[in-house]
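Chemist: What follows is a single structure, and I will ask about it in a moment.
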Amino acid sequence: MHDASTHDASVHDKETVRSCPFDFAQQLEFDPQLKELLTEEPVSRIRMAYGEGEAWLVTRYEDVRTVTTDRRFSRSAVLGRDFPRMTPEPIVQAESINLMDPPASSRLRSLVAKSFTPRRVDQMREGTQRIVDRLLDAMEDEGAPADFVARLSSPLPLITICEALEIPEADRPWLRAHALTMMNVGAAGKEDAVRAKAELRGYFTELTADRRRSPGDDLISTLAAARDGAELLDDKELAVMAMVLLITGQDTTTYQLGNIAYTLLTRPELLKTVQAEPERLPRTIEELLRYIPFRKGVGIPRIATEDVELSGVAIKAGDVVHVSYLTANRDAGKFDRPDELDPDRPSIPHMTFGWGAHHCLGAPLATMELEVAFSTLLARFPALRLDAEPEDIRWNTTSIWRYPLALPVTW
């Protein structure tokens, strides 16, 4: 252990800085640069495509856990800083829960968590099942081959979150297009991204004000009425929260539906197992979530508020610190044979939904959607298979997310 820390300290002294474009997107293979950093320099200095200066990148599971739970690392301190990042315009909103630290975030999280209780998610399961059945009916009626992305993974999360928020059907394509604009990594898209963000803000400010005046049974009304003692979400918080739910509530689930379908369809043995023993599906989904590199690179960093040492490396107060949940999920110090897909793992505490004070609040909803979608799909189409060679599948390469653009299937 001592040797490693001496080595790390000397690396820091030399200030070796890696250029990290994080643009690797070959199917769902793991980014070799991230793998190298995890094994050779778990706490390293990096420079990124956008933003000023340098940042630390933390890759080991235990170090990621420290950064995401230790109060000496602050999310709110990134406000106003042109921090190193992957997109030309920061995706996050100033008032968003994503940029808050405890205890401010704790208040918001406890209010929002009331909308994602097991009971509430269970109530939503019925609606999700109806949507899945309807989408698969249409897929069956059209006949094989079909595009799984167009038929299920693209519409399902959007319809689910829009129905939960009671967003009018006519507005949904516009909202989806704006959300996509914000996720692009090309420098040319900066002005469009700024405009999309402002227009979404305007839309949700109006919608949430309307729900305050005349609440219903939808998720926005539930959020508007959620109390923690005397605390309520204020108007700005409510608008931003609804917007964050719309974007995160459909985007990532869409991509994971496509990624999981691709992974299952290219592993016939695993597919057979979950078809023969449907009770193994929830655990298999957890392992797939750990295993699949669902995005590129990193998300929103934190700032060290005082000097901290991580794995023998001295991080100074004011330094920008990025964590990689992707590498944490592949850390051999945490997972035995991390690069193998093994649904029989004794424990799968993956970080795909984040960790600590910024663990995804919608995780129970996303997991429920994945379970309903795949249990129904596999039961209805027992002979489901890819209708293309795996190497011919086209993948997204322009955004921070990794997913198949189309997935032709037959049955």
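The values are calculated or read from the model by the stated rules, or taken from the named source; none is laboratory data. As the structure is a prediction and not an experimental result, all values here were calculated from the model. Neighbour counts are summed over all protein chains in view; Cβ atoms, including those assigned to glycine, are modelled from backbone coordinates with ideal geometry. Just the protein is used for accessible areas: all its heavy atoms, side chains included, with ligands, DNA and RNA removed. Shrake-Rupley method; radii C 1.70, N 1.55, O 1.52, S 1.80 Å.
Chemist: Can you give the charge dipole size of the chain about its Cα centre, rounded to the nearest 20 debye, using +1 on the beta carbon of Lys and Arg and -1 on the beta carbon of Asp and Glu?
Modeler: Charge dipole of the chain: 640 debye, to the nearest 20.
Chemist: Can you give me the % of accessible surface on the range 328-411 that is carbon or sulfur? Probe 1.4 Å, all protein chains present, nothing else counted.
Modeler: Working: 1800 of 3420 Å².
Using a 1.4 Å probe with all protein chains present, the range 328-411 comes out at 53 percent carbon and sulfur.
Chemist: Still on this model: Through the Karplus equation 6.51 cos²θ - 1.76 cosθ + 1.60, θ set to phi - 60°, convert the phi angles of the range 257-262 into ³J(HN,Hα) values in whole Hz; use x for Gly and Pro.
Modeler: So the Karplus estimates, Gly and Pro as x, are 4, x, 5, 5, 4, 4 Hz.
Chemist: Can you work out the accessible area per residue across the chain, with the rest of the protein chains kept in place, probe 1.4 Å, in square angstrom?
Modeler: Per residue, the chain has 42 Å² of solvent-accessible surface.
Chemist: Something else about it: How much of the accessible area of the range 112-228, in percent, comes from carbon and sulfur atoms when a 1.4 Å probe is used?
Modeler: 50 percent
Chemist: How about residue 316: which lysines have a C-alpha closer than 22 Å to its C-alpha, ignoring those fewer than 8 places off in the same chain?
Modeler: Reachable lysines: 14.
Chemist: Here is a follow-up. Non-local amide H neighbours of residue 299 (under 5 Å, H modeled in plane, Pro and chain starts lacking H): which ones?
Modeler: 323
Chemist: Picking from 325, 229, 367, whose Cα lies most toward the positive end of the charge dipole for the chain (charges on Cβ: Lys, Arg +1; Asp, Glu -1)?
Modeler: 229
Chemist: Now, a different point. Would you list which aspartates and glutamates come within 20 Å of residue 272, measuring only between C-alpha atoms, while excluding same-chain residues fewer than 8 positions from it?
Modeler: Hits, sequence-local ones excluded: 286, 287, 340, 342, 344, 371, 387, 389.
Chemist: So what is the relative contact order of the range 39-149, in percent, for Cα pairs below 8 Å that sit 6 or more residues apart?
Modeler: In percent, rounded to a whole number, it is 20.
Chemist: If you don't mind, there's one more thing I want to ask. Could you point to the label whose value was computed as Rg and Dmax of the Cα atoms in Å for the structure here, given (1) 26.9, 111; (2) 21.4, 65; (3) 23.0, 87?
Modeler: (2)
Chemist: Over the range 95-168, what relative contact order in percent results from Cα pairs under 8 Å that are six or more residues apart?
Modeler: Numbers: 20 pairs, mean separation 19.2, N = 74.
Reported relative contact order: 26 percent.
Chemist: In sequence order, what are the phi-derived ³J(HN,Hα) couplings for the range 46-63 according to the Karplus relation 6.51 cos²θ - 1.76 cosθ + 1.60 with θ = phi - 60°, rounded to whole Hz, with x for glycine and proline?
Modeler: Computed from phi, the couplings for the range 46-63 are 9, 10, 10, 5, 10, x, 8, x, 10, 9, 8, 10, 10, 10, 6, 3, 5, 5 Hz.
Chemist: In sequence order, what are the phi-derived ³J(HN,Hα) couplings for the range 327-338 according to the Karplus relation 6.51 cos²θ - 1.76 cosθ + 1.60 with θ = phi - 60°, rounded to whole Hz, with x for glycine and proline?
Modeler: 6, 4, 5, 10, 7, 5, x, 10, 10, 5, 6, x
Chemist: Something else now. Sorted by mean Cβ packing within 10 Å, highest first, what order do the peptides 252-260, 397-405 take? Numbers along the way, then the final one.
Modeler: Numbers: 252-260: 23.4, 397-405: 19.0.
Final packing ranking: 252-260, 397-405.
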